[in-house]
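Below is one structure, written out as structure tokens; the observations come after it.
Taken together, the values in this text are just the output of simple stated rules run on the coordinates, not laboratory data. Just so you know, these numbers come straight off a predicted model, no measurement behind them. With ideal geometry, Cβ positions are generated from the backbone for all residues, glycine too; neighbour counts draw on all protein chains shown.
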Amino acid sequence: MTQTAAARTKTRRTLRLTAVGLVVVTAAIIGTLVYQSAWSSAPSFSEVLRGDHGGTTTEADGALPDGVTVFDDQYPGVTNLDPDLLGALRDAATDAADDGIEFYVNSGWRSPEYEEQLRREAVAKYGSEKEAARWVATANTSPHVSGDAVDIGPSDATAWLSEHGAEYGLCQIYRNEPWHYELRPEASINGCPPMYADPTQDPRLQ
Ligand SMILES: [Zn+2]
């Protein structure tokens, strides 16, 4: 290799390394942007539920460990649900099991103290009372505190409910919460009522 050829090779190698470096940096920037936008556009309330509650609330307040089903008879979060709601959930879950789908209860009945704690954590997570109100009601108004609402998972269970839930009177209430179900007995005849965009649109929570 002549000296000129060696210099050309070196230049090419430098250029290639620079190009690789640019690709890596660009990918990192895009990755960060995608991550940030995913984070801000789809904040997960389940992270609030699954968060560390500082040991102040217990299962007696309705907190539930992972993997609790609608058939559980051990946890107040399930057993304190309205009996008609729980009955409808168990009927639906029995039929869904034929399709290989299991309903887990991420949250059901909550004590007023637990609801208020979740609200405070949501305010911390979402940055304002206004934004938190799109996800958590107050202890005075929450249908979870009265035992009339349940948060179901995983997504194949909520997909099953969104297709078949009305037959059991089980309706999604808020468009932004595909996991939140309440009993609307008339839904088996008339279908579910139109959804509210989010809890701030719900007159019960005003
Ligand atoms: Zn809910």
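Here the gap between residue 113 and residue 58, fully extended at 0.36 nm per residue and compared with their Cα-Cα distance, gives a gain of 18.8 nm.
Look at the dipole of segment 155-206 built from charges on Cβ: of 190, 155, 166, the Cα furthest out on the positive end belongs to 190.
The simple spin-label model puts a point 7 Å past each Cα toward its Cβ; for residue 91 and residue 162 those points are separated by 2.3 nm. Take the Cα of residue 206, step 7 Å toward its Cβ, do the same at residue 124, and the gap between the two points is 3.2 nm.
Starting from one equal scatterer on each C-alpha and no solvent at all, send me the Debye-based log10 I(q)/I(0) for segment 105-202 at q = 0.23, 0.25 Å⁻¹, two decimals. Calculated log10 I(q)/I(0) at the listed q: -1.24, -1.36.
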